[in-house]
Ligand code: NAP
């Protein structure tokens with residue numbers, strides 16, 4: 001699995017990691033999801049993204065199960081809900097997440113999206129968590145440019161390591177201003193919902209047809225073409241969620257080959273990037 005420096009940090013993180021939203025369910029579904037996460041770790045997809053929100057903490061518990069005995073192999077990320085993101089609330093939320101995950105520290109802790117608590121309070125709590133050794137790096141999610149700059153300004157001792165944002169072929173808005181800014185500041189961009197969550201382009205449609213044609217030519221699949229395309233920028237990482245082992249295997253092989261300039265042009269034509277500022281998309 002291709003690894004790259006995570007923003008300004010010295011840590012090498014795989015370009016393709018694993019999401020955990022909606023991995024909870026029946027016992028059989030949960031077992032399958034845990035097995036899929038473990039296979040992903042075996043295949044080098046060691047960036048695991050979770051959140052206190054997912055399944056009301058259940059996704060963190062299942063993630064804890066998947067990473068038990070191999071915590072050191074994992075770049076572990078979780079998020080605090082905006083409702084909990086006061087100074088004290090953030091500290092308490094992190095403690096609960098660590099307990100559910102069965103670990104004593106996170107590699108990265110994110111504000112899930114901005115809410116009613118002033119961001120400077122959340123960032124102050126994040127700095128306390130770094131000082132206490134509970135988290136290694138501080139990040140945010142779903143912050144558009146102005147809010148991102150506010151978060152940066154609020155940090156007094158640490159630097160912002162990442163912004164996790166919606167980025168898929170149907171929503172390329174970040175390419176206009178946010179991604180160039182993050183690249184300049186060496187803030188890692190983590191693309192969530194790379195397959196559009198549940199709206200992957202159908203092979204019967206024009207865009208889906210383009211992906212299928214590229215996949216055939218490259219000997220890959222349409223999903224692999226997408227992951228390859230989204231991570232073409234060296235500052236971008238992605239975290240597809242897959243609770244089936246065959247999907248994990250497929251995703252892990254996405255960067256085994258390169259898209260040609262001609263492929264990139266065909267994708268641009270089928271899924272154009274906006275030529276003006278658009279508000280940051282969010283799921
Ligand atoms: P996604 O990764 O775009 O798509 C997940 C769907 O794609 C699942 O139904 C999965 O099926 C399917 N899939 C995965 N690999 C596949 C393959 N190779 N072939 C066919 N189908 C495949 O959606 P997402 O879960 O919304 O986003 C990914 C992660 O980003 C989340 O899990 C979460 O960790 C994070 N996220 C963050 C935010 C935020 O606000 N920060 C918001 C949304 C998501 P199976 O499960 O059946 O394998």
| Measuring from label point to label point, each 7 Å out along Cα→Cβ, what is the residue 71 to residue 152 span in nm? | 3.3 nm
| Chain lengthening between residue 268 and residue 197 when straightened (0.36 nm per residue, less Cα-Cα) | 23.5 nm
| said: Just to be sure I understand: if I project the alpha-carbon convex hull of the chain onto a plane and average over all orientations, what area do I get in nm²? | reply: 13.9 nm²
| field | Over the range 196-283: Rg over Rh, Cα atoms, Kirkwood Rh | value | 0.95
| query | How many percent of DSSP beta bridges within the range 1-120 run antiparallel, rounded to 5? | reply | 25 percent
| remark: So the FRET efficiency between residue 233 and residue 81, C-beta based with R0 = 22 Å and rounded to 0.05, is 0.15
| task | Using R₀ = 25 Å, calculate the FRET efficiency as 1/(1 + (r/R₀)^6) where r is the Cβ-Cβ separation of residue 12 and residue 175; round to 0.05. | result | 0.55
| When you count, for each residue, the other Cβ atoms within 10 Å and take the mean per peptide, how do 39-50, 266-277 rank with the highest first? | 39-50, 266-277
| Ranked from highest to lowest mean number of other Cβ atoms within 10 Å per residue, what is the order of the peptides 247-258, 182-193, 147-158, 14-25? | 14-25, 182-193, 247-258, 147-158
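Bear in mind that the values in this text are calculations on the coordinates, not laboratory data. This is a predicted model, so every value here is computed, not measured. In this analysis, Cβ positions are derived from the backbone assuming ideal geometry, glycine residues included, and neighbour counts consider all displayed protein chains.
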